[in-house]
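Here is the structure we will look at.
The values are calculated or read from the model by the stated rules, or taken from the named source; none is laboratory data. The model shown is predicted, which means the values in this text are computed figures rather than measured ones. Using ideal geometry, Cβ is built from the backbone for each residue, glycine included, and neighbour counts are taken over all protein chains shown. With ligands, DNA and RNA removed, areas are computed over all heavy atoms of the protein, side chains included. Shrake-Rupley method; radii C 1.70, N 1.55, O 1.52, S 1.80 Å.
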Amino acid sequence: SSRPAVSPDGNWVAFSYDNPTKANSVYLAPVSGGSAKEIKTEFRACGEPAIGVQDGRVLLAFTALPAGEADWRMLQVLDISQYF
C-alpha cells in the first residue's frame, strides 16, 4: 500500500493497495466512514496518491507502472470531480 492522501477539504482519503487484484485502482474513502469509491485505471501498481483542487475541478495525481513488466513509474493526473 502507499501513504494515504487527505483531500484539501479534509473529507476524503485516497489510498491504494499492494494486493495485485486491487493494484490497478486508487480508492477514495470518506473520513466520516462509509464505503470507499474505486477509481479503476489502465495502469499497474498505482501508488503515492495526492488530491488537489484547481479551477473548481478535483484532481487525483498518482504514480503507476505503464504496464505489468515495466521497471519505471509514471505520473498520472485524473479529473475525479464526478466522484464528489
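Here are the numbers:
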{"item": "Candidates Ala50, Ala29, Ala14 - the one that is without any contact (Cβ under 8 Å) to a residue 24 or more places away in the chain and outside any loop (DSSP other than H, G, I, E, B)", "result": "Ala29"}
{"item": "Test: Arg73 is touching a Gly at 6+ places or on another chain (Cβ under 6 Å), without any contact (Cβ under 8 Å) to a residue 40 or more places away in the chain and surrounded by 15 or more Cβ atoms within 10 Å (Cβ to Cβ)", "result": "no"}
{"item": "Breaking point among (1) open to solvent by less than 50 Å² (accessible area, probe 1.4 Å); (2) out of contact with any strand residue (DSSP E or B) (no Cβ under 8 Å at 6 or more places or on another chain), for Gly47", "result": "(2)"}
{"item": "Only one of Ala61, Ala14 that is out of contact with any Ser or Thr (no Cβ under 9 Å at 6 or more places or on another chain), modelled with pLDDT of 95 or more and closer than 18 Å to Tyr83 by Cβ", "result": "Ala61"}
